[in-house]
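Working notes, structure below.
The values are calculated or read from the model by the stated rules, or taken from the named source; none is laboratory data. On a predicted model such as this, the values are computed, not experimentally measured, just so you know. Backbone-built Cβ (ideal geometry, glycine too); neighbour counts: all protein chains shown. Each accessible area value is taken on the protein alone, full model and side chains, heavy atoms only, with ligands, DNA and RNA left out. Shrake-Rupley method; radii C 1.70, N 1.55, O 1.52, S 1.80 Å.
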Amino acid sequence: MNNSPITTSIFDLFKIGPGPSSSHTIGPMKAAFDFLQRLGQLPETSLQQAADIHVHLYGSLSATGKGHGTDRAVVAGLLGWKPDTTDPVALLALLKDPAQTYPVRVGEREFGVGPEHIHFERKRYDSPYANTMVMRLAGSGPDGGPLTLLEEEYYSVGGGFILRKGEEQAGSSGALPYPYGTMKELKTQLDDHHLTLEQLMLANEMALTGRTRKQVFQDIDRILDFMHKAVRRGLRHRGILPGSIRLHRKAPVLYKQACGLAHSSDRFLIFLNAYCLAASEENAAGGIVVTAPTSGASGVIPGLTYLARHHFHYDRAVLRSGMMAAAAVGFLVKHNASISGAEMGCMGEIGTASAMGAAFLTHCAGKSIDAIEAAAEIGIEHHLGMTCDPIGGYVQIPCIERNAMGAVKAYNAFLLATSGLPSHQKISLDAVIKVMKATGRDMSTKYKETSEAGLALSATEC
Ligand code: SF4
């Protein structure tokens, strides 16, 4: 396990941004934005020698980047757009015309960036992460020879988190009142200081980000609002999703069906399916969603929280506190394994979301930290080995239905964990996360967001 304490903020795990993929859309957009800022710090003499900006995409960014809109995200970042304020319609319009270039302004200089400047590289790149981007400002020297004026290497490590070569993981720092890196350490902190999980998470978040208690609560409410807006939009929007699969949206159909089933025992499940599909279909359409922990898995927690709000009538305070339990589980997986489909397959995305959802439900029901741990463990255990093989590189099949399945498993994990004594649970959350990491390491690259095997090959006629 990772020996350092967790220093991720709740608001880095739950990020607002455009779909369809946190690692292939939000991460590259953030990296390109960062590169733009660094270009702005170059001396004027360097900018005068510069001719072009080139972006090279490797690993699964290259294999499925087209379907995930990575090229559009890179252009958007170079234009100075940020994920949480991007207009999804404007983003989808980028690069529609392959002949068009977009003006990237750096000081007095302007560089045209278009499809010819973004390179999907099929060859392997020697880097420690599956999703690597190399961004370069190129020019020519006094002798007319090629010159690299600035080059940066970025890694998109899942959930929209990025690293720059040579830097520790970007994230918050500062003295944590209650540091932990594993579930065992988290439980020790709770015991030693007689804290509830919410109290611990709140204190750490305030120390990490400088937010007040009120601001943390307001910002969690804002995250929930964005999640539920995505659900409501998805319940309304009909038609065919973008891309060559021509997949029909299904959420409005399910919702209508559930509303008409007043006395059927299936009703509850159909509502849950509708909510999860609604948010996932919005993600697939490039709409604004919340990473939870990724964009591909951005239907599980919104579906469950929408259900909790509108069917169980939990109030805001309960939902907020459940979100903190979900975040704790997401942090532990990210810290000790990975939430990236390119590193772990789908168990890293939907598996983690399902475990977070199970923790959310268990916490909302007022159960103990042992029950929360057991629910999260069950959530991960039954996603172990799940591959990532999206058809055509689109976050649609199997992704959309898989969100609904992840939410249903989360609900069942909650039921299983809260029947019987949690202390009778044989596998700890820390142990199953360790297994997840080992399984991800052993999994063939073909099944890690490259669309080179599995379902991606079985339905080429799409
Ligand atoms: S299969 Fe799972 S991990 Fe892969 S893109 Fe779809 S949701 Fe993400």
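Relative to its residue count, the stretch 260-334 spans a Cα convex hull of 104 Å³ per residue. Averaged over every viewing direction, what's the projected area of the C-alpha convex hull for the stretch 141-253? Give it in nm², one decimal, please. Hull-based average projected area comes out at 14.6 nm².
Evaluate E = 1/(1 + (r/R0)^6) for Ile240 and Lys165, where r is the Cβ-Cβ distance and R0 equals 35 Å; express this FRET efficiency to the nearest 0.05.
Working: r = 40 Å, r/R0 = 1.15.
That pair, Ile240 with Lys165, gives E of 0.30.
Between Arg232 and Asn3, the modelled label-to-label distance comes to 5.0 nm, taking each label 7 Å out from Cα in the direction of the beta carbon. Starting from the Kirkwood radius over alpha-carbon pairs of the chain, derive D by Stokes-Einstein at 37 °C in a medium of 0.692 mPa s and give it in µm² s⁻¹. Approximately 147 µm²/s, per Stokes-Einstein.
If we count GluC sites (Glu not before Pro) as exposed when they sit in a DSSP loop and have at most 13 other beta carbons within 10 Å, what is the longest stretch of the chain that avoids them all? Please list the in-between numbers first.
Numbers: sites that count: Glu108, Glu167, Glu168, Glu461.
Free of exposed loop sites, the longest segment is 169-460.
In the calculated pair-distance distribution of the stretch 76-235, the portion above 27 angstrom amounts to 51 percent of the Cα-Cα pairs.
For the stretch 15-164, the Cβ-based charge dipole about the Cα centre amounts to some 480 debye (Lys, Arg positive; Asp, Glu negative; other atoms uncharged).
Calculate, for Ala99 and Glu121, the FRET efficiency according to 1/(1 + (r/R0)^6) with r their C-beta to C-beta distance and R0 22 Å; round to the nearest 0.05. Mind showing how you got there, number by number?
Values: r = 23 Å, r/R0 = 1.03.
My answer for the efficiency is 0.45.
How much of Met405 can a 1.4 Å solvent probe reach, expressed as accessible area in Å² and rounded to 10? Its accessible surface works out to 120 Å², give or take rounding.
Among the chymotrypsin sites (Phe, Trp or Tyr not before Pro) found in the stretch 254-342, those both in a DSSP coil and sparsely packed, with 13 or fewer other Cβ atoms within 10 Å of their Cβ, are Phe312. Here the spin labels are modelled as points 7 Å beyond Cα on the Cα-Cβ line, and at His263 and Gln49 they lie 8.2 nm apart. Two decimals is fine: what is log10 I(q)/I(0) at q = 0.13, 0.15, 0.21 Å⁻¹ for the stretch 20-164, from a Debye sum with one equal scatterer on every Cα and no solvent? Evaluating at q = 0.13, 0.15, 0.21 Å⁻¹ gives log10 I(q)/I(0) of -0.53, -0.70, -1.33. Residues whose amide H lies under 5 Å from that of Leu149, counting only those 5 or more places away or on a different chain, are Leu137, Ala138, Gly139; hydrogens are built 1.01 Å from N in the peptide plane.
Amide H contacts of Gly158 (H built 1.01 Å from N, in plane; Pro and chain starts excluded): no residue 5 or more places away or on another chain comes under 5 Å. If you take the square roots of the eigenvalues of the alpha-carbon gyration tensor of the stretch 321-462 and sort them as a ≥ b ≥ c, do you get rounded (a/c under 1.5), prolate (a/b over b/c) or oblate? Prolate is the answer for the stretch 321-462, as a/c is 1.5 or above and a/b outweighs b/c. Ligands, DNA and RNA left out, the accessible area of the chain computed with a 1.4 Å probe is 51% carbon and sulfur. With all protein chains kept in place, the per residue accessible area of the chain amounts to 41 square angstrom at a probe of 1.4 angstrom.
Within the chain, helices built from complete DSSP H runs that reach 24 Å or longer along their own axis (Cα positions) and carry a mean Kyte-Doolittle hydropathy of 0.0 or higher are 267-284, 316-336, 399-417. For Val106, the amide hydrogen comes within under 5 Å of the amide hydrogens of Phe111, counting only partners 5 or more places away or on other chains and with H modelled in the peptide plane. Look at the dipole of the stretch 177-458 built from charges on Cβ: of Ser244, Gly406, Ile223, the Cα furthest out on the positive end belongs to Ser244. How would the stretch 365-423 be classified by its alpha-carbon gyration tensor: rounded, prolate or oblate, with rounded meaning a/c under 1.5 and the a/b versus b/c comparison settling the rest? Because a/c hits 1.5 or more and a/b exceeds b/c, the stretch 365-423 counts as prolate.
Calculated FRET efficiency, Val435 to Thr85, Cβ-Cβ distance, R0 = 41 Å: about 0.55 to the nearest 0.05.
Per residue, the convex hull spanned by the Cα atoms of the stretch 410-455 amounts to 105 cubic angstrom.
Each of the trypsin sites (Lys or Arg not before Pro) that DSSP puts in a loop and that has at most 13 other Cβ atoms within 10 Å breaks the chain; the longest unbroken stretch is 247-425.
If you take the Cα centroid of the stretch 418-462 and the Cα centroid of the stretch 172-231, the two points sit 27 Å apart. The 3J(HN,Hα) values that the Karplus relation (6.51, -1.76, 1.60; θ = phi - 60°) gives for the stretch 135-152 are, in residue order, 10, 9, 9, 10, x, 9, x, x, 8, x, x, x, 9, 9, 8, 7, 9, 10 Hz. Gly and Pro appear as x.
Given Lys250/Lys446; Lys66/Lys434; Lys165/Lys437; Lys214/Lys367; Lys184/Lys448; Lys229/Lys446, which pairs have Cα atoms separated by over 27 Å?
Numbers: Lys250/Lys446 29 Å; Lys66/Lys434 32 Å; Lys165/Lys437 22 Å; Lys214/Lys367 25 Å; Lys184/Lys448 30 Å; Lys229/Lys446 35 Å.
Where the Cα-Cα span goes over 27 Å, the pairs concerned are Lys250/Lys446; Lys66/Lys434; Lys184/Lys448; Lys229/Lys446.
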